[in-house]
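What follows is one structure encoded as structure tokens, with my remarks underneath.
The values are calculated or read from the model by the stated rules, or taken from the named source; none is laboratory data. Values in this document were obtained by computation on a predicted structure and should not be read as measured data. So basically every Cβ, Gly included, is an ideal-geometry build from the backbone, and we count neighbours across all protein chains shown.
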Amino acid sequence: MSFVKLDTGVLDSTLWLENAETRVVFVTMLAMARPDGLCESTAPGIARRANLPIDEVRASLAKLEAPDPDSRSAENDGRRIMRVDGGFLLTTYKKYRAKDHIKRDEGAPRQYVYFASNQGGHIKIGFSSNPWARVRELSTGGGPLRLLAVQSGSRQDEAALHLRFSALRKHGEWFEPGQELLTCINDVALRSSDVVPEAEAEADAEEKKKKRAKARKTPIPDGFGISPRIEAWAAEHGHGLLQERLEHFVGYAKRSGKTYADWDAAFECAVREDWAKLNGGAAPSRAGTLGAEETT
């Protein structure tokens, strides 16, 4: 199942001043469009998908093909679609597909959800501030990984993908390469291809800053405990036995001499990846190697 981004700016556009049928037709075509913006269909086909009478669809297509002198997009005199060989081309599709898809809001931290595969073909759905460096790091310890696709996202987005593909879960953050997951990865790769190189360069620059900040890492503080933030996060994500996990984490950190810049974030990682092996599975192969600001 593919998905497409609907820019919230549409709510302030002249398109939203059209009647409901025209808006439904446009959003339907948006959902039907290929990554290049081509909606390979006819008026009857769109009518069937939009669940609208054919006459209303034809009238809506005429409005969308007409020039719009008040449109914010000067291209093609404000036309939203153009009739081409094979269907209809959404004129601003590619521009909005790439808009802010990976770039962060000014001043906000960079965060990405990524897809990577191992030699066995299994797929990892992970979260990192620098997925390119993260995949390189994981490749040095457990065999080569290949980064398949990257998109901007949060921990919540990662969790949503884990839930969406839970039927394919192998263990932890690793999934079987089912067709629906492969289609999702392909869609993400196509949408983000124009901006990934710049995002990778920015992430690598941030990584260098993090390395320079390693001197600020400290041993585990005396009396380190479970913070209210971790309690709330664990409750939200269904992680129990926090006290037992804390005891394991503190003991491990002291024995191994671990240092982190953010111990709260490090403990969150330990709970999420089940370093204490309280979920009945094997511990992650690189448990305890993550920086406090690093991710899975």
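When VAL57 is tested against the conditions (1) exposed (fewer than 13 other Cβ atoms within 10 Å of the Cβ); (2) at pLDDT 95 or above, the lone failure is (1).
Restricting attention to region 12-30, the residues being out of contact with any Lys or Arg (no Cβ under 8 Å at 6 or more places or on another chain) and under 25 Å from ASP187 (Cα atoms) number 6.
Residues are listed down the side, and each one gets a yes or a no for (1) buried (at least 18 other Cβ atoms within 10 Å of the Cβ); (2) modelled with pLDDT under 95; (3) part of a loop (DSSP other than H, G, I, E, B):
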position: LEU6; (1), (2), (3): no, yes, yes
position: ALA47; (1), (2), (3): yes, no, no
position: LEU61; (1), (2), (3): yes, no, no
position: ASP68; (1), (2), (3): yes, yes, yes
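Of all the residues in region 138-163, those that are farther than 23 Å from GLU236 by Cβ and touching a residue at least 12 places away in the same chain (Cβ under 8 Å) number 11. Tell me, please, whether a residue that is in a helix (DSSP H, G or I), among the hydrophobic types (A, V, I, L, M, F, W, C) and modelled with pLDDT of 65 or more can be found in region 215-223. Looking through region 215-223, none of the residues is in a helix (DSSP H, G or I), among the hydrophobic types (A, V, I, L, M, F, W, C) and modelled with pLDDT of 65 or more. Do we find that ILE81 is closer than 26 Å to VAL188 by Cβ, aliphatic (A, V, I, L, M), more than 25 Å from the chain's Cα centre (by Cα) and not assigned by TED's automatic domain parsing to the domain that holds ARG164 in this structure? So ILE81 passes the test. Residues of region 121-178 that are under 21 Å from ALA276 (Cβ atoms), of a type outside the set (A, V, I, L, M, F, W, C) and assigned to a helix (DSSP H, G or I): GLY141, GLY142, ARG155, HIS162. In region 35-57, the residues that are at positive phi reach residues that are surrounded by fewer than 18 Cβ atoms within 10 Å (Cβ to Cβ) and of a type outside the set (Asp, Glu) with C-beta atoms within less than 7 angstrom, at least six apart or across chains, in these pairs: GLY37/LYS94.
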